[in-house]
1. Residue by residue through A:132-138, how many Cβ atoms from other chains fall within 10 Å of the Cβ on average?
2. Would you tell me the mean number of C-beta atoms belonging to other protein chains that fall within 10 Å of each C-beta in B:119-129, as a whole number?
3. Enumerate the calculated ³J(HN,Hα) couplings along the stretch B:6-11 in order (Karplus 6.51 cos²θ - 1.76 cosθ + 1.60, θ = phi - 60°), each rounded to whole Hz, writing x wherever the residue is Gly or Pro.
4. Add +1 for every Lys or Arg and -1 for every Asp or Glu among the other residues with Cβ under 9 Å from the Cβ of B:Q186, and state the total.
5. Go through the stretch A:141-157 residue by residue and turn each phi into a ³J(HN,Hα) via Karplus (6.51, -1.76, 1.60, θ = phi - 60°); whole Hz please, and just put x for glycine and proline.
6. In debye, nearest 20, what is the charge dipole magnitude of chain A about its Cα centre with +1 on Lys and Arg Cβ and -1 on Asp and Glu Cβ, if you could check?
7. Rank these for me by crowding, B:R202, B:R49, A:R186, going from fewest to most other beta carbons within 10 Å.
8. Quick query: amide H of B:I5 versus all other amide H atoms, modeled in the peptide plane; which residues come in under 5 Å with a sequence gap of 5 or more or a different chain?
Amino acid sequence: MRHSSEVIEMGAELGKYKTCVSARSSDKEILKGAQDGGIVTQLFAFALEQGIIDGAIVSAASADEPWKPEPIVATTKAELLAARGTKYNISPNISLIKEATRSYGLDKIGIVGTPCQMQAVRKGQLYPVGLRDVGDKIALAIGIFCMENFPYQSIVQLVEDHAAMKLEAVKKMEIGKGKFWVYGKRGQVVSLPLKVTHKYEQPGCHVCLDYVANLADISTGSVGSPDGWSTVFVRSKKGDDIWAKAIAAGAFETKPIEQVKPGLELVTKLANEKIEKNKKTLEGRKTFGVAKALRNPYI
Amino acid sequence: MVDKISVGYTHLSGCTGCTVALADNYGGLLTLLDKYVDLKYHLTLADVRHIQQVDVAIVEGSVCIQDKLAVEEIKETREKAAVVVALGGCAAYGNITRFTRGGQQNQPQHESYLPIGDLIKVDVYIPGCAPTPQMIRNVCVMAYLLLKGTKEQKDLATKFLTPLMQLAQRGTSACFCDIMTEVINQGLCMGCGSCASACPVRAITIEYGKPQGERDLCIKCGACYAQCPRSFLSMDLVAEYEGIQEAIDAALQ
């Protein structure tokens, strides 16, 4: 069995990629409600329009509880637009991946997810234990950068108790510049130091060794790019093909990643911070009890 | 072709769903039989049921211990095969046959059904009810590469098959409970929803980001735990997913 410290080699923290740019959607409507550069919404909207995908599994807003994501199969641009923006809690997008090919009848699926969800997609293609006729229908898997995630109840705790705001009154949440930001619809802004948010994180995130969704076709996140723009890694052949078509169609404005601040240096730094921290967690799991280990998921 | 591997298929107490899943590779099955596999015995596909010496024996179904023939067949299967694969939930974990209490005509005394691992040593598990055609295909190609491939292909196949061999060593019980005890209880669940997608009877939903199992619906097929990215994941292997998929597709051309 391999040791967890060997799982990620140094220099591999950004995964394999063909190109990396800073980008934003050229569609004003998409940008208006986007978290950053509207990359995910724009890519899916473009892929839908071109027939590259029949629909996309995205995180929409729950009808019952504010800021609770609910995976849906979006088959129109309006549904994609309604799902814009990051909701900082768990959206079980993979739970729809088989259903998307069944009751929704998709032959070409788009799916967005965190790095661990991209791992689930690729494991599902290599080991389709319970995913009959699903693997070859994954047409575009978009990964989002992720340091950690929160259970819904943690978001309630953070926003309502720590930030003292009603979840219904929140316009946007964001993690950046070392803080958790909550923006109210009336214009108020509350920031919490990440020191406060750490203990509310989902425990399962602490063994994750991927920050930038290494296994996605295309991965994206705000880190590395200026406000309103996103950093984009184009990784697989499929991703490369779709990205080239989207660029040719004028779907995005781009800038070379070397020419933007803070650039890849910050992405690399944060990726290494996450990997190092979680390697320590994995190491600690080996000697968690007295001659008893917690289970290592990486073999 | 000289380089084929010999394969047998022992059919015990299973519904033939595993055979159907294998056959549902359509053209892929014909390519497998044409290029890679010499199918020595199979009750339905070959019309030969006596057990012979083979490289790989695939077993569908659990063993009824009141059925003398079934007990003899599983033992003979083990004795005459280098590698034994438990195909599907019944062979691996008992699956739906775990619920049997006998009383069925015309053999009402047939009431105790065991996963094959309770009677013989099993090398590889393919869980699920039914196992998927693509999973069977991937394991077949990898098993071939392991036995007949180049050094590099053998290494890849070893990496691919190791987790399925470890599942076989882990035991003969499966349940949604594995998601609770081995994933959530171990602090490893991140709420992706793979288990809910994998479950063939829709016994799993995700409530507030974590799996919730309707345990009375669970048929004990083992798909949820095996599908979970936190049950096993080889980072080096999965990083090569594009190349592996291409190699499998090319092998079946």
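Each value in this text was obtained by applying a stated rule to the coordinates, not by laboratory testing. In this text, all values refer to a predicted model and were calculated from it rather than measured experimentally. So basically every Cβ, Gly included, is an ideal-geometry build from the backbone, and we count neighbours across all protein chains shown.
1. Taking the mean over all residues of the peptide, I get 4.
2. Partner Cβ neighbours, averaged per residue: 1.
3. Listing the rounded values in order: 8, 10, x, 9, 8, 10 Hz.
4. Here the count lands on +2.
5. 10, 9, x, 10, 4, 7, 8, 5, 10, 10, x, 4, 4, 5, 5, 4, 4
6. Details: 41 positive and 33 negative charges, 111 e Å.
My answer is approximately 540 debye.
7. Details: B:R202 11, B:R49 14, A:R186 8.
Going from sparsest to densest Cβ surroundings: A:R186, B:R202, B:R49.
8. B:V37, B:D38
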